[in-house]
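Working notes, beginning with the structure itself.
Rule-based calculations on the coordinates, nothing more; no lab input. These numbers were taken from a predicted model, which means no experiment stands behind them. Using ideal geometry, Cβ is built from the backbone for each residue, glycine included, and neighbour counts are taken over all protein chains shown.
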Amino acid sequence: MAQLRYADRFVRELPGDPRDDNRTRQVLGACYSRVAPTAVPRPELLALVPEVAALIELEPQATPELVDVLAGNRVVPGMGTDIREHVEKALKLSRVQAHTLTRVVGVSRDSLTIEHEGAQTEISAAGVVWVGGVRVNPLIENLQVEKTRNGLLKVTPTLQIPGQENVFALGDGAHYEDADAPLAGTAQLAFQESVLAAQNVRALLAGEKLQTKHFEEIGEALSLGTERGAVLTGGHPRRMQMHQCQQGERFGSLAGRMFR
């Protein structure tokens, strides 16, 4: 579900209630109020129509993640503003324009044409840099081992390749089942996996029992140019100057909490 694109135009373009306390009261000058979902113990999905699931690109099976999201036990990226508002402000200060829900329909020597909600706009430019797409490393493509439909290496809960107990795989080239969905393909997951991999390599050499672990999303951190950054920890977004990020990394406080 982390790969789904949520249409949040309603909350992006209409005024929201600035208060987040969930109680009965009058709400003036706002079209909606945000509330945190109430957890439901042991939720069950009674019916799932494969044809309807296919319309919104959902897997036609009742996975634990899907049941938790539908029950309100879990909010996945895209359902809230997360750190987007902070990122947009930082980019605006740096005079960088970001276009979402937009596709490029034409590129020439000195311009490109974009399309948003059916309307096309031509943007003049002295130069166009085109980047995009993700592909598995050719080395992994050529390995004769079990892989996912996306070409990632399947690994056991101990980060070993099935049938190859002396080979460990981790990072964005491997698919680890027991991890929060938003972590897939991130550096945060790779850092967490590296600790488990190191422990299990030592255990394998010593003839000891290998360990497993569930990896949880701890937060998000990204740099926005050379002066600004944004961090999401504990569900709360924070703007940061880059010297604060560097200081946190130097003393191991921020970076340690984010990737441990």
Exercise for the section: Quick one: which residues, 5+ away or cross-chain, put their amide H under 5 Å from the amide H of Arg228? H built at 1.01 Å from N. Expected result: Met242
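Round to the nearest 0.05 the FRET efficiency obtained for Phe215 and Leu14 when R0 = 30 Å and r is the Cβ-Cβ distance. Let's see the in-between values first.
Details: r = 36 Å, r/R0 = 1.21.
The pair Phe215/Leu14 has a calculated efficiency of 0.25.
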Practice task
Return the long-range amide H neighbours of Ala221 (sequence gap of 5 or more, or a different chain), with a cut-off of under 5 Å between placed amide H atoms.
Solution key: Leu232
Exercise for the section: Starting from the amide H of Lys147, placed 1.01 Å from N in the peptide plane, find each other amide H under 5 Å away whose residue is 5 or more places distant or on another chain. Expected result: Lys154
Exercise for the section: Any chance you could run the full-extension gain for Gln26 through Asn150? It's 0.36 nm times the residue separation minus the Cα-Cα distance, nm to one decimal. Expected result: 39.7 nm
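Could you give the length gained on full extension between Gln120 and Ala203, defined as 0.36 nm per residue of separation minus the Cα-Cα distance, in nm?
On the way: separation 83, 0.36 × 83 = 29.88 nm, distance 5.86 nm.
Fully extending the segment from Gln120 to Ala203 adds 24.0 nm.
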Exercise for the section: Could you calculate the FRET efficiency of Val128 with Leu222 from 1/(1 + (r/R0)^6), where r is the beta carbon distance between them and R0 is 30 Å, rounded to 0.05? Expected result: 0.80
Handout entry: lysines with Cα under 17 Å of Lys154, excluding same-chain neighbours fewer than 8 positions away
Key = Lys213
Practice task
Provide the gained length on full extension for the span Leu70 to Ser194, in nm with one decimal, where the gain is 0.36 nm per separating residue minus the Cα-Cα distance.
Solution key: 41.4 nm
